[in-house]
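The values are calculated or read from the model by the stated rules, or taken from the named source; none is laboratory data. On a predicted model such as this, the values are computed, not experimentally measured, just so you know. Virtual Cβ from ideal backbone geometry, glycine too; neighbours counted across all protein chains shown.
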């Protein structure tokens, strides 16, 4: 009789142990499933589907901080290209400058007004000058906000008789604003000024002579 009771007690302990293991296993599996579900949802939220023509392209969203230097450089580059890549057409110039002003504060207009008073744009139109800018590098200080930057670029002014190459160095600050169609990066350039703009090379065009 005693032996039967002992066997029942041992069997009960084994069943209890198996039950505890099963419960713990179920709890662990449930927790892992929940974590996996949250991870999958987070990954899905970071996916963006872009419709290009008739094709759907999958893209991935990323943290703004990870792309901050890249986005700032592109914003500054676009500003300079809009402001300094010009053709001898007043409507074209005004359109470009208007777009550039969406990317910065009143300092953009001050630079424009100063150049206008100096006859800069009038000379482009009267001299049939095509002006192109190439941004060489942009240094950014991300230690403090608003962020400071210095832009190094090269200008090429093409006239009928010559091509002038100039260096261009500008400085300014940049801060976060809301994104919009006119300002897709969501930055605003402030305290923008030209600190250097000198001729580097003047190349005279050879005139074709009739034999």
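Is it fair to say residue 105 is assigned by TED's automatic domain parsing to the domain that holds residue 142, out of contact with any strand residue (DSSP E or B) (no Cβ under 7 Å at 6 or more places or on another chain) and either modelled with pLDDT of 90 or more or farther than 30 Å from residue 148 by Cα (or both)? When the stated conditions are applied, residue 105 does not pass them. All conditions in (1) surrounded by 14 or more Cβ atoms within 10 Å (Cβ to Cβ); (2) outside any loop (DSSP other than H, G, I, E, B) hold for residue 193, with the sole exception of (1). Can you tell me which residues in segment 142-162 are more than 21 Å from residue 111 (Cα to Cα) and modelled with pLDDT of 95 or more? The one that is more than 21 Å from residue 111 (Cα to Cα) and modelled with pLDDT of 95 or more: 158. Within segment 58-77, the presence of a residue that is outside any helix (DSSP H, G or I), surrounded by 11 or more Cβ atoms within 10 Å (Cβ to Cβ) and either at pLDDT 95 or above or touching a strand residue (DSSP E or B) at 6+ places or on another chain (Cβ under 6 Å) (or both) is excluded.
Each residue in segment 102-130 was checked for being outside any helix (DSSP H, G or I) and under 16 Å from residue 159 (Cα atoms), and 4 of them qualify.
Out of all the residues in segment 78-87, which are part of a helix (DSSP H, G or I) and either in contact with a helix residue (DSSP H, G or I) (Cβ under 8 Å, 6 or more places away or on another chain) or not assigned by TED's automatic domain parsing to the domain that holds residue 135 (or both)?
Our first condition is that a residue be part of a helix (DSSP H, G or I); within segment 78-87, this holds for 78-84.
Residues satisfying the conditions are 79, 82, 83.
Scanning segment 122-146 for residues that are farther than 17 Å from residue 77 by Cα and in contact with a strand residue (DSSP E or B) (Cβ under 8 Å, 6 or more places away or on another chain) gives 124, 129, 130, 145, 146.
Restricting attention to segment 106-113, does a residue exist that is without any contact (Cβ under 8 Å) to a residue 60 or more places away in the chain, out of contact with any helix residue (DSSP H, G or I) (no Cβ under 9 Å at 6 or more places or on another chain) and over 23 Å from residue 73 (Cα atoms)? Yes; the residues of segment 106-113 include at least one that is without any contact (Cβ under 8 Å) to a residue 60 or more places away in the chain, out of contact with any helix residue (DSSP H, G or I) (no Cβ under 9 Å at 6 or more places or on another chain) and over 23 Å from residue 73 (Cα atoms). When the residues of segment 100-137 are filtered to those that are over 17 Å from residue 174 (Cβ atoms) and under 20 Å from the mean Cα position of the chain (by Cα), the one that is surrounded by the fewest Cβ atoms within 10 Å (Cβ to Cβ) is 136.
Tell me, please, whether a residue that is part of a strand (DSSP E or B) and in contact with a helix residue (DSSP H, G or I) (Cβ under 8 Å, 6 or more places away or on another chain) can be found in segment 88-101. Break it down into steps so the answer makes sense when it comes.
Step one: filter segment 88-101 for residues part of a strand (DSSP E or B), giving none.
Checking segment 88-101: not a single residue is part of a strand (DSSP E or B) and in contact with a helix residue (DSSP H, G or I) (Cβ under 8 Å, 6 or more places away or on another chain).
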